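The values are calculated or read from the model by the stated rules, or taken from the named source; none is laboratory data. Quick caveat, the model's predicted, so the values are computed rather than measured. Here the Cβ positions follow ideal geometry from the backbone for every residue, glycine too, while neighbour counts run over all protein chains shown. All accessible areas refer to the heavy atoms of the entire protein, side chains included, with ligands and DNA or RNA removed. Shrake-Rupley method; radii C 1.70, N 1.55, O 1.52, S 1.80 Å.
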Amino acid sequence: VAHNYRALSVATTTPSVSFGLGQVTPKNSGLSAVYFNTNEGASVNTRTHYFEGEFAMTADTKGLGCSAVSTNKKSVMKGRGNYSWSFDRKSFTLKLGSSTDLCGMGKSKKYALVSQDYDKSFLRNALAGYIGKKLNHMSWTPDSKPVDLYVNGSYRGNYLLIERIAIDPLRVNINELNGDDPAEQ
């Protein structure tokens, strides 16, 4: 398998962020910036197969608890959603090469980047998650943080980085699938 890499060059007087072989001038929103560069520079434009590339993330300055994550070269990304795939801004599924704690959500390889194209206030999903965490009888509610997304050096907009549902003691703890059904004991 041969991989072709491309370099991005931006002529500007504002500080830029080095990532992979290129430089990107980030927005000054104070949010963490998520960078994903596909190996071939191809657009992530399908839900049927993953695009291999490198992932990196900068720290936020708003106190949201997102710290910088160094480059993870064995990451993959693909499109996400059924009806939402028809929106102008697409959502993505992200699998990191190794388990990483993003924004204090706990170590995992699987995350989602939701575009919130239908929600111009960027509040609905974050507010629903916040309320879900406050309810006493909810065993698990996915955590989320707002981020700015850059794919192949192109700014895609404000996204919500969300934990993916997974069977795990820190996420969805389903004992009977592991053969530890308390009813059998």
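Simple spin-label model, 7 Å along Cα-to-Cβ: Ile165 to Thr71 in nm?
Label-label distance for Ile165 and Thr71, simple model: 3.6 nm.
For segment 66-83 and segment 85-123, what is the centre-to-centre distance using only Cα atoms, to the nearest Å?
7 Å
Determine the gain in length on full extension of the stretch Lys62-Ala128; use 0.36 nm per residue of separation and subtract their C-alpha separation, reporting nm with one decimal.
Taking 0.36 nm per residue and subtracting the Cα distance, the gain is 21.7 nm.
If I stretch the segment between Tyr83 and Asn136 completely, what's the gain in nm (0.36 nm per residue apart, minus their alpha carbon distance), one decimal?
The Tyr83-Asn136 span can extend by a further 16.0 nm.
Past 22 Å, Cα to Cα, is the threshold; run Lys27/Lys133; Lys110/Lys145; Lys27/Lys95 against it and keep the listed order.
Over 22 Å Cα-Cα: Lys27/Lys133; Lys27/Lys95.
State the answer as a single residue: which of Leu123, Leu96, Tyr155 lies farthest towards the positive end of the charge dipole of segment 79-157, with beta carbon charges of +1 for Lys and Arg and -1 for Asp and Glu, about the Cα centre.
Checking the options against the dipole of segment 79-157, the answer is Leu96.
I'd like the accessible area for Lys107, computed on protein heavy atoms only with a 1.4 Å probe and all protein chains in place. Round to 10 Å², please.
About 150 Å², ignoring ligands and nucleic acids.
log10 I(q)/I(0), Debye, Cα-only segment 124-173, no solvent, q = 0.22 Å⁻¹?
Treating every Cα as an identical point scatterer, log10 I(q)/I(0) equals -0.83.
Roughly how many debye, to the nearest 20, is the charge dipole of segment 68-185 about its Cα centre, given +1 on each Lys and Arg Cβ, -1 on each Asp and Glu Cβ, and no other charges?
Taking the Cα centre of segment 68-185 as origin, the dipole is about 620 debye.
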